[in-house]
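Visitor: Sending over a structure as structure tokens; questions will come in a sec.
The values are calculated or read from the model by the stated rules, or taken from the named source; none is laboratory data. All values reported here derive from a predicted model rather than from experimental measurement. Positions of Cβ are backbone-derived with ideal geometry, glycine not excepted, and every protein chain shown enters the neighbour counts. Surface areas here come from the heavy atoms of the whole protein model, side chains and all, with no ligands, DNA or RNA. Shrake-Rupley method; radii C 1.70, N 1.55, O 1.52, S 1.80 Å.
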Amino acid sequence: APDLAIPVLPSRSIPATVAFYARLGFSGGAHDFDAGYAILTRGSVELHFFAHPELRAAESHAGCYLRVADVDAVYEAFAAA
């Protein structure tokens, strides 16, 4: 397998984050052993989230880039969601 980095991002609500990404076609959910941690995948994209209820999104510098082979197809899928 190629080298890989997986972002671990903060989430104010793991259930809300899982529901949002499910609408975008991601599968997965809260970790079986830790409801405060989620692993979500869509194709070869894998995102991890940890619970951070005090997160203030406007003050956060967390983020990641998703590089995809067909940005138009991903845009259309996300826009339809």
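Visitor: Going through region 30-45 one residue at a time, which ones are within 10 Å of the chain's Cα centre (by Cα) and open to solvent by less than 60 Å² (accessible area, probe 1.4 Å)?
Guide: 38, 39, 40, 41, 45
Visitor: On to the next question. Specify the residue that is surrounded by the fewest Cβ atoms within 10 Å (Cβ to Cβ); the eligible residues are those in region 1-16 that are within 14 Å of the chain's Cα centre (by Cα) and not in a strand (DSSP E or B).
Guide: 5
Visitor: Here's another thing I want to ask about it. Give region 47-81 a look and list any residue that's in contact with a strand residue (DSSP E or B) (Cβ under 7 Å, 6 or more places away or on another chain) and outside any loop (DSSP other than H, G, I, E, B), or say none.
Guide: 47, 48, 49, 50, 51
Visitor: Within region 30-46, can you find the residues that are assigned to a strand (DSSP E or B) and farther than 23 Å from residue 75 by Cα?
Guide: Listed by number, the residues that qualify are 30, 31, 34, 35, 36, 37, 38.
Visitor: How many residues does region 19-29 contain that are open to solvent by 30 Å² or more (accessible area, probe 1.4 Å) and either free of Cβ contacts under 8 Å to residues at least 40 places away in the same chain or part of a helix (DSSP H, G or I) (or both)?
Guide: Residues in region 19-29 being open to solvent by 30 Å² or more (accessible area, probe 1.4 Å) and either free of Cβ contacts under 8 Å to residues at least 40 places away in the same chain or part of a helix (DSSP H, G or I) (or both): 7 in total.
Visitor: Considering only region 54-69, I want to know if a residue exists there that is β-branched (Val, Ile, Thr) and surrounded by fewer than 11 Cβ atoms within 10 Å (Cβ to Cβ).
Guide: No, region 54-69 contains no residue that is β-branched (Val, Ile, Thr) and surrounded by fewer than 11 Cβ atoms within 10 Å (Cβ to Cβ).
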